[in-house]
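For reference, the structure is listed below as C-alpha cells.
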Amino acid sequence: MRKRIFSSKKTPRPLPFFVRCALGMGSGLLLTASFPGTGASWLAWIALVPLLAALVGLDFWEGFRCGFLAGMAHFLTLLYWLVPTMVQYGPLPLYVSVPLLVLLSAYLSLFPALFCGVFTTFPLRGIALVSGIPALWVFFEYLRSVLFTGFPWALLGYSQVKWLHLIQVSDIVGVYGVSFLILSFNAALFTLYLAGTRRLVSPPRFVGSSLVWAILPVVCAWGYGEWRIRQVDAGAALAEKVQVAVVQGNIDQAVKWDPQYQAASVEKYLALTRKTQQTKPDLVVWPETATPFYFLRDDALSAAVLEGIKAYDSDFMIGSPAYAPENGRIEYFNSAYLINSKGTVFGRYDKAHLVPYGEYVPLKKWMPFVGKMVEHVGDFTAGEEGAVIDWRGKPLGTLICYEVIFPGLSRAAAKNKARLLINLTNDAWYGDTSAPQQHFFMAVFRAVENRRALVRSANTGISGFIDPAGRVTGRTPLFKEAVLTETVPLMTGTPLYHHMGDAFPLACAGIAVAAVGIRRKKRYNRRI
C-alpha cells in the first residue's frame, strides 16, 4: 500500500453566506475603483483577495454564484455610462436601458463566475495556487475578448496604465501579461490570508515559495521595463519624424447629423485647422465622422471640404461614412479618407470591427425594439482587418472608435508595416462619464504592444499623442474645441508580441488545467 504524501487536513469550512456575498461584492467594487475615472490603480493588487477568501470551502456552483455576484457589482458600476448613452442616443426609455445594462453585465459576469467555479477545484497549496489563479483569470479575460465578437473593455491589466515601467512587458505578452502579474500578487496575499487564519491545507513552507513565485515576476517586469524604455527611446530618437496635428471640433452629438448643421461642422473643422498652420504639420487628423455626410457622394459638402483642404500645405485624414453599390445593393462603411494637400484622395480605410447596436443590429428578430445609435445610416459593412493606407511611402495603421480596444487589430496593422497608428473616434456618446478616460487609456497599450506612436483624434475628446513607450505626451480636455500638434516618430521593427500574438493567454489555459490536475492527483493518492 502506498504512503499518503499529502496532508490529511480537511477542507476548511466555508464562511457564512452573507459574509461571502459581502466579500464578493467588495471585490467587484474594488476592481471598478482601480480603473481610470476613480484611478486608484493600486486597489487592483488587493481587489481579488476578498473574493478568493469567500471561495474557500465552496463547491463549483457555490463558487460560480459568488463570482457572478462579484462580476455584477463590477460591471454594473464600471459600465453605468451605457444607460445615459442609450437613453439619449438610442433612443430608448430608461425602463428598457437599465435592463439592457443588467443583461450585458450578467453576460460579462459569467466569466468571473466561471473563474470562481473552477477555482474551487484548485488545491490550496503552493505553486499550483499562485500560478493557477492568474492563469485561469487571464484565460477567461481572453475568452471575453473573443467570444461573440468580443468585448475586451477594461481588462484588469488596463488599470495599471500609469505605471510605465510595469506595462512594458506588453510588447511580449500583451495586456494579458499585466493582468497575470496583478493576479499573481493577489494570489500571494491570499496565501498569506490562508496561513494567517490557519486555513492552509498545505505546509507553511509553501507560503514563502508562493510569495517568491508571485513577487519575482513583478520585479523582473519592472527591470525589463527600465531597460526597454531606454531602448525604445533611443530608437525613437533615430527614427524619421513627422509633424501631426489633431483637431477636436466638439460637435454636439444631438445636432451632428442634422442637415442644417452639416455645413457648419465643416466650417468649424476648417477654421480650427487654420490654428495648426503655425506649426506647419505634415498631417492633420480629424475625428471619426467629422464630416457627417457621405464624403465624395454629397457634391456640395464634399467640394467645400476639398477646397478648404487646398488652402493648407498639409495632408489630411478625415472620418466620414461612405457607401458603394455592391452586388445589386448598397453597402455602407465607417471610413477614414487620406487626402493630400491638393485635394486628391489617395487612400481609404473601412472600419473592420463594428459596434453592435452602434453600427449594426444583431439579433434583429428577437429584439426589434432596439435600433442603431448612428442616425441616417444603414447597417455598416466591415472592412479588412489590418489594412493600412500608404501615405507618401509611410504606411499608416488606422483604428476607428473602439477598434483600439482590440489588440489584434493594431497588431495586424503593425505586421502590415504600419509605422504610425491613428485612432479616429467620437466619444460624444459617453457624455461626461468615466468612459472617455477608460477608452483613451486603453489606447496606451496599443502603442506599447506594437512600439508605434499613436495619434488620437476625438470629436469631444480625449484627443492626444502617445509615444512608443506608452507616455501620454499631449492630451486635450473633454468637451472643448482644441487643436494639438506634436512631432512623432515613424517606427519600424517587430516586437515579440507581433510574433506571439495571443499565445500567452492560451498557454495560461494549460497552466490552469495543470493546477486542477494537481488537486485530482492529490485525491487519487489519498484513495490509494
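The values are calculated or read from the model by the stated rules, or taken from the named source; none is laboratory data. On a predicted model such as this, the values are computed, not experimentally measured, just so you know. Here the Cβ positions follow ideal geometry from the backbone for every residue, glycine too, while neighbour counts run over all protein chains shown. The area values use the complete protein model at the heavy-atom level, side chains included, leaving out ligands, DNA and RNA. Shrake-Rupley method; radii C 1.70, N 1.55, O 1.52, S 1.80 Å.
Which condition number does Glu326 fail, the rest of (1) under 25 Å from the mean Cα position of the chain (by Cα); (2) at pLDDT below 95 being met?
If we test Glu326 against (1) under 25 Å from the mean Cα position of the chain (by Cα); (2) at pLDDT below 95, just (1) comes out false.
Against the conditions (1) at pLDDT 95 or above; (2) closer than 21 Å to Trp45 by Cβ; (3) open to solvent by 40 Å² or more (accessible area, probe 1.4 Å), where does Ile127 fall short? Just the number, please.
All conditions pass for Ile127, except number (1).
Just to be sure before I move on: is Pro325 open to solvent by 60 Å² or more (accessible area, probe 1.4 Å) and assigned to a strand (DSSP E or B) in the structure I sent?
Taking the combined requirement at face value, the residue satisfies it.
Would you call Lys268 open to solvent by 10 Å² or more (accessible area, probe 1.4 Å) and either of a type outside the set (Gly, Ala, Ser) or out of contact with any Lys or Arg (no Cβ under 7 Å at 6 or more places or on another chain) (or both)? Explain how you work it out, then say what you get.
Working: open to solvent by 10 Å² or more (accessible area, probe 1.4 Å): yes; either of a type outside the set (Gly, Ala, Ser) or out of contact with any Lys or Arg (no Cβ under 7 Å at 6 or more places or on another chain) (or both): yes.
Yes: the conditions hold for Lys268.
Within the stretch 256-285, can you find the residues that are within 31 Å of the chain's Cα centre (by Cα) and farther than 20 Å from Ser463 by Cβ?
Answer for the stretch 256-285, where residues must be within 31 Å of the chain's Cα centre (by Cα) and farther than 20 Å from Ser463 by Cβ: just Trp257.
So if I check each of Thr289, Thr279, which one is on the phi > 0 side of the Ramachandran plot, in a loop (DSSP other than H, G, I, E, B) and β-branched (Val, Ile, Thr)?
Step by step, each of Thr289, Thr279 is checked, and only Thr289 is on the phi > 0 side of the Ramachandran plot, in a loop (DSSP other than H, G, I, E, B) and β-branched (Val, Ile, Thr).
Leu23 - would you say it is modelled with pLDDT under 95 and surrounded by 13 or more Cβ atoms within 10 Å (Cβ to Cβ)? So that I can check it myself, show each step before the final result.
On the way: modelled with pLDDT under 95: no; surrounded by 13 or more Cβ atoms within 10 Å (Cβ to Cβ): yes.
Here the answer is no, as Leu23 does not meet what is asked.
For Gly470, are the conditions met, namely being open to solvent by less than 30 Å² (accessible area, probe 1.4 Å), assigned to a strand (DSSP E or B) and modelled with pLDDT of 95 or more?
So Gly470 fails the test.
If I ask for residues that are part of a helix (DSSP H, G or I), closer than 18 Å to Pro36 by Cβ and open to solvent by 20 Å² or more (accessible area, probe 1.4 Å), which ones from the stretch 406-438 would you list?
Trp429, Tyr430, Gln437
With the structure loaded, tell me whether Tyr332 is open to solvent by 10 Å² or more (accessible area, probe 1.4 Å), farther than 21 Å from Thr460 by Cβ and touching a helix residue (DSSP H, G or I) at 6+ places or on another chain (Cβ under 8 Å) or whether it fails that test.
Criteria not met by Tyr332.
Can you confirm whether the stretch 238-258 contains a residue that is closer than 27 Å to Arg419 by Cα, out of contact with any Lys or Arg (no Cβ under 7 Å at 6 or more places or on another chain), at pLDDT 95 or above and assigned to a helix (DSSP H, G or I)?
yes
Please enumerate the residues belonging to the stretch 37-57 that are out of contact with any Phe, Trp or Tyr (no Cβ under 9 Å at 6 or more places or on another chain) and open to solvent by 10 Å² or more (accessible area, probe 1.4 Å).
If the condition is that a residue be out of contact with any Phe, Trp or Tyr (no Cβ under 9 Å at 6 or more places or on another chain) and open to solvent by 10 Å² or more (accessible area, probe 1.4 Å), then Gly37, Thr38, Gly39, Ala40, Trp42, Leu43, Pro50, Gly57 are the ones that fit.
Would you be able to say whether some residue in the stretch 447-460 is open to solvent by less than 10 Å² (accessible area, probe 1.4 Å) and farther than 24 Å from Ala387 by Cβ?
yes
Can you find a residue in the stretch 339-357 that is on the phi > 0 side of the Ramachandran plot and of a type in the set (D, E, K, R)?
no
Answer yes if at least one residue in the stretch 164-174 is touching a Ser or Thr at 6+ places or on another chain (Cβ under 8 Å), touching a residue at least 40 places away in the same chain (Cβ under 8 Å), open to solvent by less than 30 Å² (accessible area, probe 1.4 Å) and not charged (D, E, K, R), and no otherwise.
The answer is no, given that none of the residues of the stretch 164-174 is touching a Ser or Thr at 6+ places or on another chain (Cβ under 8 Å), touching a residue at least 40 places away in the same chain (Cβ under 8 Å), open to solvent by less than 30 Å² (accessible area, probe 1.4 Å) and not charged (D, E, K, R).
Quick one: which of Thr85, Thr77 is open to solvent by 40 Å² or more (accessible area, probe 1.4 Å) and in a helix (DSSP H, G or I)?
Thr77
Name the residue that is surrounded by the fewest Cβ atoms within 10 Å (Cβ to Cβ), counting only residues in the stretch 271-285 that are modelled with pLDDT of 95 or more and β-branched (Val, Ile, Thr).
Among those that are modelled with pLDDT of 95 or more and β-branched (Val, Ile, Thr), it is Thr273.
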